[in-house]
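Everything on this sheet refers to the single structure shown next.
Every read-out reported here was derived from the displayed coordinates using simple, explicitly stated rules and does not represent laboratory data. Source: prediction; values computed, not measured. Note: ideal-geometry Cβ built from the backbone for every residue, glycine included; neighbour counts use all protein chains shown.
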Amino acid sequence: MPCSLWPQINKAEYSGVWVYLEREGNRLKDVGLELLGKARDLAQKLGGAEVGGVIVAGTEEMAREAIYHGADKVVIIDNPDLQIYTPVEYAEAIARVVQKYKPEIFLIGATKRGRELAPYIANALTTGITADCTALEIDPKTRDLLQIRPTFGGTYLATIRTPQRRPQMASVGPGVFPKPPRDANRTGQIILEKVEIQKRRTRLVSVEKRLEKDVADLPPVESADVVVAGGRGLGSAEGFKLLIDLAKLLGGTVGATLMAVRAGWAPPTRLIGQTGKTIRPKLYIAVGISGAVQHLVGVTGAKIIIAINPNPHVPMMENADYAVVGDYKQILPLLLEEIKKLKGQ
Amino acid sequence: MKIVVLTKAAVPLSPSLVKIDPETGTLVREGVPLTSNVWDRDAVELALKLKDKYSGEVIALSMAPPSGIPALESLIGMGVDRAILVSDKAFAGADTWATAHVLAKTIEKYVPDYDLIVTGEETIDSATAHIGAQTANWLGVPYVYYVYDAEVRNKTLIVRRFLEDEGIDETYEVEMPAVISVLKGSQVPREVRLSRKLNAREYIQVVSNKELGLDPDCVGLRGSPTVVAGMAPATYPPRKKIVLQGEPTEVVKKLIQILREEGIL
Ligand SMILES: Cc1cc2nc3c(=O)[nH]c(=O)nc-3n(C[C@H](O)[C@H](O)[C@H](O)COP(=O)(O)OP(=O)(O)OC[C@H]3O[C@@H](n4cnc5c(N)ncnc54)[C@H](O)[C@@H]3O)c2cc1C
Ligand SMILES: Nc1ncnc2c1ncn2[C@@H]1O[C@H](COP(=O)(O)O)[C@@H](O)[C@H]1O
């Protein structure tokens, strides 16, 4: 017997692949457009289903941008009280619209705000949701959405289905799917939906740009071409300073393993791996890192991997392009010196 | 202030302990020594700070098999007043919908007069960041994620939070009761006091579905809208696997050459 708390639904009433389109100021975030591309692909596999988008307090210009990127229909939640983001009010409004239009699949970009909204929306719709999917497919037999995500610390890839509930929901991180080309000849329908908020329970009081960078003004790990990361093998925060120097010389940034974060040598924003960031730099340098699967899953997209470790048999060394056998305390100062010489510093 | 901290007894940081039930595709948690989710210590710390300031009670709540008890003991060692372990074979294999269901019903029954629910940002072994928002929805209360600081003003909660991807701080006013999830790494969790931890077991109440009386079709694997359909080991792309060893000066020379060939220098 299905759970008595699940409202009865008629699966056949649900159709279309819809996407939540998050705003940033007065434009749409790329992740929503990326998901529209994926939605088109899924819709085609479903035999030509409709692709929809939902924008909260957006403009027609934004809706047109969504149409140019693959949407057939865009719903703008039209309520001036929702101009400013607040989690519970946004989640309720979006859930209400999804409830009305009944898409078969509803996708949300796993930005920080998206990860905040998605689980609430799923729960409000009494359906399942899979977080941080890295692939989405359609099962040709059942037409179910196959929600694929790394799990158990990245050791496995799980395929998850939502067989009994609709919509089938998934969140997907920025950059996982490519942004589709913009086609200004595409046409679609724009609908304004009045959605009232029953009661305002959260209010934004103030917003401030954070000025301080977490580590010595270095860029975030997701966006750098060179990432120098350290693990427990560094032995101290002092060791981490060498990595910062190397990263600066190479025009890159620093990352860390969970062990290094837990030791307090780097903030959690620097964590690479299953519970941290997935990166695709040109060069990844792993210093004092054993290469647990949970860490490796975050760096498999790196073009070149150099590992430095006295033990050549740890997975990080065995999964490197260049495995440097040795103590980083001997290698790094020499390397820094040589690079400085080359750069004439 | 009555504060409930949701905390997961997670599978510890060792791949050898990660085992999958071949039938259900879910993580085997029975018989594995579980430890409290590392990011939940930030949640406990923020809750204890609020208690230090406004007095009241901090109650840890966890849905886990009995092997989750040591994890709760260490949180009591940190200063949590008492803990509730909801544990029943029927709860095994729950997805986040079914987990939040049990947690919310436990709160409604055992801590109905709560002011605040605090969660960690995400768990180390699931990393969905679902439970906080879903529990808020079950209980019909507002919520805010990524909080690093909170205070009470005129019975409303003022929270400060950080959105890492946009690089901005936001301050919200939230009606209580509410759910907040605490930014991972934002607190310096206090030490576990051994003297407190030693007799912590006395402060742990174990609750099963006999007491909660939830429909067995709405908990655990059966009550989960999502189903694990397959599980494949993650694979890695091939690497050159060139080993460099010997005199550090020689090795560094080779490294420089490689950095040039690869177009880095
Ligand atoms: C569910 C789950 C999720 C996880 N998520 C993540 C995650 O997102 N990211 C992550 O990183 N980890 C994650 N972990 C933890 C992971 O399993 C490992 O524990 C962690 O990555 C190991 O960190 P490490 O390599 O720094 O430390 P260790 O495994 O202790 O390795 C240290 C290495 O340093 C080397 N070393 C020692 N001295 C020197 C020296 N002088 N010079 C050079 N090398 C030296 C040693 O030979 C050793 O190989 C997760 C674990 C679980 C169970
Ligand atoms: N089984 C559980 N029991 C109690 N709290 C939990 C449980 N699972 C998750 N949580 C809480 O929800 C947060 C987010 O977890 P997750 O959604 O698994 O990433 C955790 O940091 C905990 O505070």
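The charge dipole of the protein assembly as shown, taken about the Cα centre with unit charges on the Cβ atoms of Lys, Arg (+1) and Asp, Glu (-1), comes to about 460 debye, rounded to the nearest 20.
The sum of -39500 (n - 2.57) across all DSSP H runs of n ≥ 4, divided by the residue count of chain A, sets its helix-only mean residue ellipticity at 222 nm to -8000 deg cm²/dmol. In whole percents, the pair-distance distribution calculated for the protein assembly as shown from its alpha-carbon pairs, binned every 10 Å from zero, is 3, 16, 26, 26, 19, 8, 2, 0.
Counted over all Cα-Cα pairs of the stretch A:76-156, pairs farther apart than 16 Å make up 59 percent. Note on the stretch B:50-161: semi-axes of the ellipsoid equivalent to its C-alpha gyration tensor, largest first and rounded to whole Å, are 23, 17, 14. Measuring max minus min along each principal axis, the C-alpha atoms of the stretch A:11-194 give extents of 43, 35, 32 Å (largest first). Dipole of the stretch A:188-345 computed with +1 at Lys/Arg Cβ and -1 at Asp/Glu Cβ about the Cα centre; of A:V254, A:G233, A:P312, farthest Cα towards the positive end is A:V254. Of all DSSP beta bridges confined to the protein assembly as shown, the antiparallel ones make up roughly 35%. Note on A:D225 and A:L192: the extension gain reaches 7.6 nm, defined as 0.36 nm multiplied by sequence separation minus the Cα-Cα distance.
Taking the square roots of 5 times each eigenvalue of the Cα gyration tensor of the stretch A:210-338, largest first, gives ellipsoid semi-axes of 19, 17, 14 Å. Per residue, the average separation of C-alpha pairs within less than 8 Å and at least 6 apart gives the stretch B:148-263 a relative contact order of 11 percent. Principal semi-axes of the equivalent ellipsoid, √(5λ) from the alpha carbon gyration tensor of the stretch B:214-265, are 54, 12, 11 Å from largest down.
Between A:K179 and B:I168, the FRET efficiency estimated from the beta carbon spacing at R0 = 25 angstrom works out to 0.60. In terms of overall dimensions, the C-alpha atoms belonging to chain B reach 68, 47, 39 Å along their principal axes, ordered largest to smallest. No disulfide-compatible partner, judged by a Cβ distance under 4.7 Å, exists for the following cysteines of the protein assembly as shown: A:C133.
Only the Cβ atoms of Lys and Arg (+1) and of Asp and Glu (-1) were treated as charged; on that basis the dipole of the stretch A:11-194 about its Cα centre amounts to roughly 400 debye. Each of A:E13 and A:R280 was given a label point 7 Å from its Cα along the Cα-to-Cβ line. The distance between the two points is 4.0 nm. Most simply put, the stretch A:11-194 has about 30% antiparallel DSSP beta bridges, counting only bridges with both residues inside it.
Listed cross-link partners A:K45/A:K277; B:K8/B:K53; A:K209/A:K277; A:K45/A:K282 are compared with a 24 Å cut-off, the Cα-Cα value being larger for A:K45/A:K277; B:K8/B:K53; A:K45/A:K282. Relative contact order of the stretch A:11-194, taken over Cα pairs closer than 8 Å and 6 or more residues apart, is 29 percent. Summarising the label geometry, the points placed 7 Å from Cα in the beta-carbon direction at A:S206 and A:D139 lie 5.2 nm from one another. Around A:R166, with a cut-off of 14 angstrom between Cβ atoms, what is the net charge of the other residues, counting Lys and Arg +1 and Asp and Glu -1? Net charge in that neighbourhood comes out at +3. Do the alpha carbons of any pairs in A:K241/B:K254; A:K343/B:K240; A:K100/B:K109 sit beyond 31 Å of each other, and which pairs? As for pairs spanning more than 31 Å Cα to Cα, those are A:K100/B:K109. Each label point was placed 7 Å from the Cα along the Cα-to-Cβ direction; for B:N199 and A:Q164 their separation is 4.7 nm.
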